[in-house]
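**Q** Provided herewith is a single structure, encoded as structure tokens, for subsequent inquiry.
Coordinate-derived values only; no laboratory data. Keep in mind that what you see is a predicted model, and the values were worked out from it rather than measured. Please note: Cβ atoms are built from the backbone with ideal geometry, for glycine as well, and neighbour counts cover all protein chains shown.
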Amino acid sequence: MEIETAYTILYSAALLVLGVLIGIMLIRAVIGPRITDRILAINMIGTMVISCILILSLMLKENYLADVAMIYAMISFITVLMMATTYIPKDPTRPLAGPEAVAEAEHEKEQLRAEEADAEAAASSVAAAAATAQTAEAVVSAAAAAAADSAAGNAVGTAAAADSAARASHGDKDKGAEE
């Protein structure tokens, strides 16, 4: 057997296999249950046609067919991109229409309401913490004044400062209980 005959048989077998696979992908493109199946099948058909053109280029010894295959590859790529951006939704897990979409939209609204309620609760906790910090600051400043009076030997001033600090802390606690 001559080498040219072996290549001819190899190329013919490859073209036959690719032809059968193109037929299978054509069936998949027609019956594919999802749009993504159809787009992938069309992409595979384009890839196999490019392979067939390249095999024919080798088999017929026509170099211009390689240029045709490259142009076909660019067109196929652009076509698949356009189809994907047109037909594939941005959120593939979300149903596009029907009762499932309505139920999902209601569920999302409930989640947003719950998040808003949590945010309001967090804001009130922050406000309570700020009030507690102000009370602590008042007690510390009164204690500092009492310590300064004590160091100066003013016992009356110390008692008055401690008494005012105690009143300030009890008064703020009563206000927090009322809120």
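**Q** By how many nm would the segment from Ile71 to Thr8 lengthen if fully extended, with 0.36 nm per residue of separation less the alpha-carbon distance?
**A** 20.1 nm
**Q** Within a Cβ distance under 14 Å of Ala84, other residues only, what is the Lys/Arg minus Asp/Glu net charge?
**A** Net of charged neighbours comes to +2.
**Q** Moving to a separate point now. How do Met1, Met74, Met44, Met25 line up, fewest other C-beta atoms within 10 Å first?
**A** By the 10 Å Cβ count, ascending, the order reads Met1, Met74, Met44, Met25.
**Q** Assuming R0 = 22 Å, can you tell me the calculated FRET efficiency for the pair Leu81 and Val102, based on Cβ-Cβ distance, to the nearest 0.05?
**A** Taking R0 as 22 Å, the efficiency between Leu81 and Val102 is 0.10.
**Q** Hey, another quick one. Rounded if a/c is under 1.5, else prolate if a/b is larger than b/c, else oblate: which is segment 3-87, with a ≥ b ≥ c the root eigenvalues of its Cα gyration tensor?
**A** Verdict is oblate for segment 3-87.
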